Amino acid sequence: MKPASQLEIPAPTARSLHGLGVVSGLAAGAWLGAAEAPAKLVATGLSPFLVSFVMVAGVFVARWTLPTVVKGTGYVLADLGEKPHLIVWAILAGALWAVANTLTVFAIRDVGISIAFPLWNTNSLVGVLWGWAFFGELRRGGAKTWTKVLGGAIAIAGGAVLLGYASANETVSPSHRALSGIITALGAGLLWGTMYIPYRKAYVSGMNPLSFVTVFTIGELVTMSVLAVTFSGGAGPLRAEIGHARPVLFWLFLGGFCWVIGDIFQQYAAKYIGIGRGIPLSNTNQLWGLAWGALVFGELAGRTRFAQTLVVAGSLLMILGAVGIASAVAPEAEQASWHDAVVRECRRYGLDLGRAESAQRGQEARETGAPGGRRWWDGLIVAAAAAIFAGLARGTRVPRIRVERGWMLELVAAMLALLFIAGAGLWKRTRFS
């Protein structure tokens, strides 16, 4: 007979939650991949810091708007009030995200989306390490689980090596800064991999992902503001640069909004299947990044056949590695190890173990705040966000970048399909718990 303190998740429920996490991870990959497409605007002469700053501003707007629409600010504030120790962790995670996101803009400028995406997606290796070290992931998982995860990690690392070699040795290169692009992309991967520690810490404590991302964005915006002001030479030059870029600000805001949709799905993947599995699965954004870069922006057109072969082979190898990791369903013994982390967090911070366990099953122990968590100002938040986008849309022009519109429409249609499938699944199974 199992101890009463041990979380018991029936096998059908465990499989259901695993499937939900997998679908969430795939949807995350699609939207995270598309979000980086606006960063191609650096090719028009915009500062990478300006691009990242404006995208983060769009992220800030989206991270307050979407949780308000789904749960309401009353729910979010009540959830944060019950776990105030996690607010600092969420702000720290946001700061790491902002620095990493800025590095990705430089990486895209120097080596292109097709190369940069797989390199910074080595964050999955870092995520596997931290999941094992701090949250009991893979512990007691058995040889089969370890083989899948380690095999996937090796494949991801091998794919990154192939892509780095293709970029560094390509004679027809889009940039003379290939080495710098590789280093910045890998640096972004390291920071993003470490950022997932606060993610998992929040979810083993029973916090709702929508509450976490609302505070997360404060760290993003503050850090990115400091970086942008510092490296732009002050607030005055930054304002002048923003004014000069006014015709394309809408697209960067839109990129930030798409990123938030992907990140919310990534948060649910991390919650229900762990960072060691959920993050590699969401790293299928590499496939979407390759599709946007190669099919829509034609990034591979000027490269030799050998380099194109290396890019495709490296990408496929990384994708296979991510699939191997994601398919490693946690056995009962490993789930018990996960539960040890839940008990540890609850004892450390005086949390209700029963409520934390309920959250692991995708169930709400009770609705916090008013029914539905709605407040009178929720409508004002949504209206303000809509007004910001409407204002930015006025006077917007299409950037002078060659794109294949047919491929772009097909990719957008696929993204919307995944949004519907994953969103409907989360609502039906957990009510976005």
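Can you give me the number of residues within region 223-255 that are of a type in the set (Gly, Ala, Ser) and surrounded by 24 or more Cβ atoms within 10 Å (Cβ to Cβ)?
So the answer is 1.
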Condition test on residue 211, is it within 16 Å of the chain's Cα centre (by Cα) and either outside any loop (DSSP other than H, G, I, E, B) or surrounded by 22 or more Cβ atoms within 10 Å (Cβ to Cβ) (or both)?
yes
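Residues to consider are 202, 235; find the one that is over 30 Å from residue 349 (Cα atoms) and touching a helix residue (DSSP H, G or I) at 6+ places or on another chain (Cβ under 6 Å). Walk me through how you get there before you give the answer.
Values: 202 fails: over 30 Å from residue 349 (Cα atoms).
Among 202, 235, only 235 is over 30 Å from residue 349 (Cα atoms) and touching a helix residue (DSSP H, G or I) at 6+ places or on another chain (Cβ under 6 Å).
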Which ones in region 103-158 are assigned to a helix (DSSP H, G or I), in contact (Cβ under 8 Å) with a residue 40 or more places away in the chain and of a type in the set (Val, Ile, Thr)?
104, 105, 108, 111, 113, 115, 126, 128, 145, 149, 154, 156
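Among the residues of region 374-420 satisfying the criterion of being of a type in the set (Val, Ile, Thr) and surrounded by 12 or more Cβ atoms within 10 Å (Cβ to Cβ), which is nearest to residue 249 (Cα to Cα)? Even if it seems obvious, please write down each step before you answer.
Looking only at region 374-420, we keep the residues that are of a type in the set (Val, Ile, Thr), and these are 381-382, 388, 396, 398, 401, 403, 412.
Pick out the ones that are also surrounded by 12 or more Cβ atoms within 10 Å (Cβ to Cβ) and you get 381-382, 388, 396, 401, 403, 412.
Numbers: 381: 20, 382: 20, 388: 11, 396: 8, 401: 15, 403: 19, 412: 20 Å.
Among residues in region 374-420 that are of a type in the set (Val, Ile, Thr) and surrounded by 12 or more Cβ atoms within 10 Å (Cβ to Cβ), the one nearest to residue 249 (Cα to Cα) is 396.
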Going through 68, 104, 73 one at a time, which residue ends up being touching an Asp or Glu at 6+ places or on another chain (Cβ under 8 Å) and surrounded by fewer than 21 Cβ atoms within 10 Å (Cβ to Cβ)?
73
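From the residues in region 223-258 that are of a type in the set (Phe, Trp, Tyr) and under 12 Å from residue 392 (Cα atoms), which one is nearest to the chain's Cα centre (by Cα)?
Within region 223-258, the match that is nearest to the chain's Cα centre (by Cα) is 253.
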Is it true that residue 337 is buried (at least 20 other Cβ atoms within 10 Å of the Cβ), among the hydroxyl-bearing types (Ser, Thr, Tyr) and out of contact with any Cys (no Cβ under 6 Å at 6 or more places or on another chain)?
no
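Working carefully through the options 302, 276, find the one that is touching a residue at least 24 places away in the same chain (Cβ under 8 Å) and under 30 Å from residue 424 (Cα atoms). First the steps, then the outcome.
Working: 302 fails: under 30 Å from residue 424 (Cα atoms).
Just one listed residue meets the conditions, 276.
If you check 328, 424, 359, which single one turns out to be touching a Ser or Thr at 6+ places or on another chain (Cβ under 7 Å) and under 23 Å from residue 207 (Cα atoms)?
On the way: 328 fails: under 23 Å from residue 207 (Cα atoms); 424 fails: touching a Ser or Thr at 6+ places or on another chain (Cβ under 7 Å).
The unique qualifying residue is 359.
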Return the pairs, sorted by first residue and then second, in which the second residue is assigned to a helix (DSSP H, G or I) and at pLDDT 70 or above, the first residue lies in region 353-371 and is surrounded by fewer than 18 Cβ atoms within 10 Å (Cβ to Cβ) and of a type in the set (D, E, K, R), the beta carbons are less than 6 Å apart, and the residues are 6+ apart or on different chains.
none
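Table: residues versus (1) assigned to a helix (DSSP H, G or I); (2) touching an Asp or Glu at 6+ places or on another chain (Cβ under 7 Å); (3) within 30 Å of residue 78 (Cα to Cα).
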{"site": "203", "(1), (2), (3)": "yes, no, yes"}
{"site": "207", "(1), (2), (3)": "no, yes, yes"}
{"site": "215", "(1), (2), (3)": "yes, no, yes"}
{"site": "222", "(1), (2), (3)": "yes, no, yes"}
{"site": "227", "(1), (2), (3)": "yes, no, no"}
{"site": "238", "(1), (2), (3)": "yes, no, no"}
{"site": "241", "(1), (2), (3)": "yes, no, no"}
{"site": "249", "(1), (2), (3)": "yes, no, no"}
{"site": "258", "(1), (2), (3)": "yes, no, yes"}
Test for residue 426: is it among the aliphatic types (A, V, I, L, M), crowded, with 19+ Cβ neighbours inside 10 Å and modelled with pLDDT of 85 or more
yes
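Any chance region 160-179 includes a residue that's modelled with pLDDT of 80 or more, surrounded by fewer than 17 Cβ atoms within 10 Å (Cβ to Cβ) and over 30 Å from residue 344 (Cα atoms)? Please lay out each step first, then the result.
Within region 160-179, the first condition is being modelled with pLDDT of 80 or more, and the residues that meet it are 179.
After this cut, where a residue has to be surrounded by fewer than 17 Cβ atoms within 10 Å (Cβ to Cβ) as well, the list is 179.
Of the ones still in play, those that are also over 30 Å from residue 344 (Cα atoms) are 179.
Checking region 160-179: at least one residue is modelled with pLDDT of 80 or more, surrounded by fewer than 17 Cβ atoms within 10 Å (Cβ to Cβ) and over 30 Å from residue 344 (Cα atoms).
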Residue 237: more than 30 Å from residue 402 (Cβ to Cβ) and free of Cβ contacts under 8 Å to residues at least 24 places away in the same chain, yes or no?
yes
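The values are calculated or read from the model by the stated rules, or taken from the named source; none is laboratory data. In this text the structure is predicted, and so the values were computed from the model without any measurement. Glycine also receives a Cβ, built like all others from the backbone with ideal geometry; neighbour counts cover every protein chain displayed.
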